[in-house]
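Here's the structure, in structure tokens; my notes come after.
Every number in this text was worked out from the coordinates using simple rules, so none of it is lab data. This structure is a prediction, so every number in the text was calculated from the model and none was measured. Cβ placement follows ideal geometry from the backbone for every residue including glycine, while neighbour counts extend to all protein chains displayed.
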């Protein structure tokens, strides 16, 4: 876990005589309330109190609606734009109805077709679910397993969509009409339509599939979805298991390693260190109680961007929308001290 690097007394940073070193990765020093009685330990927890790892200044917010949220992102930041691609709360067994896991939606049974969740979990840190569709369709049916994006993408931009897919067809009835289809669903002026569809009609081993997609220029884009569904024609018998996972939509044409998204506050990536930080959800603050005067101020965000400056009478520790660390001391930092601070926080990007 990055950020937890206590230095010995002989370390040069120990000589800075800090008024406060606040580190969101130091979870035992975080509390959900200003009184410090409820620990903040999990992504999404509000943070009302941050005790310093060095110095004496405490950051405290007694107003519940003004508290930032605790978050963790992979080193290098969040790339996956989806609201969620995890199946943690999906029940194993027959589905009686459709399920919406905060932006990750799965259709329930249709007339003549039962839907069963056979498995869910992670493989190599990548979330997946396996769904079985069995029966004879009374009418043409579409079974969705789609995910919605939480971050905007500008019209004309190029994105990469990727997913893991495996298909087991026990009756051999997949074909031109009965098929598994993936595409991009774009809501333009309130009307949702699929685009750039890619269909699969034969059994296939579970593997990753990636494809770029250009958002139409001139579109008034309101929402973006990784659209996916199984289509079964009326009167057709099917017994198909669809294993899906690793959903990702990201900027640029090239697909990068899959990031697992539980929420906007909880994004992880296999083999990549997690960076804990405080997220300003809009209008949040963490008041500081410091004597007046000029202070050296240094802080870092989850992307590793370090700022070293000065502040007069600093009153708010939440100096960035996403704060991964903050140092304050009386008087400006020297050039040599700034170099030490930047070197110390370089693990956020290296």
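When the chain is treated as a GNM with alpha-carbon contacts under 10 Å, the residue of 280, 266, 196 showing the greatest mean-square fluctuation is 196. Residues 295, 247, 206, arranged from fewest to most other Cβ atoms within 10 angstrom of their Cβ, appear as 206, 295, 247. When only Cα pairs below 8 angstrom with a gap of at least 6 residues are kept, the chain shows a relative contact order of 23 percent. Here the Gaussian network model covers the chain, with springs between Cα atoms less than 10 Å apart; of 277, 89, 164, 89 fluctuates the most.
So the label point goes 7 Å from the Cα of residue 158 along Cα→C-beta, right? Which residues of the range 249-292 then have their backbone N under 15 Å from it? From the range 249-292, the list is 250-256. Take the chain, connect every pair of alpha-carbon atoms lying under 10 Å apart with a spring to form a Gaussian network, then pick out the residue of 170, 67, 132 with the largest mean-square fluctuation. Top of the fluctuation ranking is 170.
What the Cβ-Cβ distance of residue 237 and residue 303 gives, at R0 = 41 Å and to the nearest 0.05, is a FRET efficiency of 0.20. Note on residue 253/residue 321: beta-carbon distance plugged into 1/(1 + (r/R0)^6) with R0 of 35 Å gives a FRET efficiency of 0.80. A Förster radius of 30 Å, combined with the Cβ-Cβ distance separating residue 89 from residue 37, puts the computed FRET efficiency at roughly 0.55. Only helical runs count toward this figure. For the chain, summing -39,500 (n - 2.57) over DSSP H runs of n ≥ 4 and dividing by all residues gives -1000 deg cm²/dmol at 222 nm. Length gained on full extension, residue 199 to residue 111: 29.4 nm, using 0.36 nm per residue less the C-alpha separation. Relative to the dominant Cα principal axis of the chain, helix 335-344 is inclined by about 30°.
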